[in-house]
Amino acid sequence: MDLTDRWKAMDWQASEFSYAKADLLATLKTQSKSDIARLLKSYRQSYGLMLVLTVITPLFGLLKPNEPDYLLCIGLIWAYCLILSGFLMVKFARFKLPDLSLQTADAIRASLVLVRSINTFQANFLALATPFVFLGSLLGVLIYKGRTVSELVHNHVALTIIIGSTILITLFSGRLRKFMTNRQCTALIRKLETNLQALEQA
């Protein structure tokens with residue numbers, strides 16, 4: 001933020017600052033290129049992790065291949081991974097990063113559009129899918145431990161716990177949106193937003 005503060009404090013009407021302006025502009029572009037690379041690397045790593053989960057999740061179905069209830073629960077989890085990884089695949093396939101050296105401002109703008117769209121989709125999808133994935137995971141564990149859906153339905157204590165915990169998770173999932181992006185990415189996004197404003201004013 002010190003570089004940005006210096007940038008805003010400069011008197012660009014004074015000729016003695018002409019070199020300082022070019023120097024600060026070059027430094028600003030260099031820092032922005034580094035920040036863009038770090039930000040996109042973090043999101044690509046998340047994408048890679050989701051692809052791995054998409055591949056290995058169906059393998060858990062092999063633990064109880066003859067249990068339809070268990071397979072249904074695994075299917076719910078797999079559907080979540082599949083949809084999210086599919087969305088990320090489309091986003092990254094369509095993403096074209098402008099030349100960082102010649103079009104730094106455009107590169108910042110394009111990167112911010114990408115990560116904001118991913119964050120928005122993940123937050124909304126998380127709020128919608130979390131209760132189903134949680135319920136699927138819970139039922140999957142209980143069935144794997146030897147319970148059946150019929151037993152759970154007729155067990156009022158277990159049913160109350162399952163329904164109550166699912167409702168709590170549903171309410172809590174709406175509050176998880178603010179924690180979807182890690183602090184490092186949030187700081188990089190804010191820094192790039194500030195740098196973009198400075199570059200546009202140059």
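The values are calculated or read from the model by the stated rules, or taken from the named source; none is laboratory data. This one's a predicted model, so the numbers in the text were calculated from it and none came from an experiment. Glycine also receives a Cβ, built like all others from the backbone with ideal geometry; neighbour counts cover every protein chain displayed. Heavy atoms of the whole protein, side chains included, go into the accessibility calculation; ligands, DNA and RNA do not. Shrake-Rupley method; radii C 1.70, N 1.55, O 1.52, S 1.80 Å.
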For this session: Among V153, A129, F60, flag the residue with its Cα farthest along the positive direction of the charge dipole of segment 30-201, charges on Cβ as +1 for Lys/Arg and -1 for Asp/Glu.
Result: A129
Problem set entry | Surface accessible to a 1.4 Å probe, per residue, for the residues of segment 30-201, Å² | 60
Exercise. For segment 30-201, which whole-number percentage of the solvent-accessible area (1.4 Å probe, protein heavy atoms only) is attributable to carbon and sulfur atoms?
Worked result: 66
Exercise. Quick one: which of 157-165, 104-112 comes out on top by average Cβ neighbours within 10 Å, and what's the full order, highest first?
Worked result: 104-112, 157-165
For this session: Please go through the residue pairs K41/K191; K64/K145; K96/K191 and name each one whose alpha carbons sit more than 18 Å apart in this structure.
Result: K96/K191
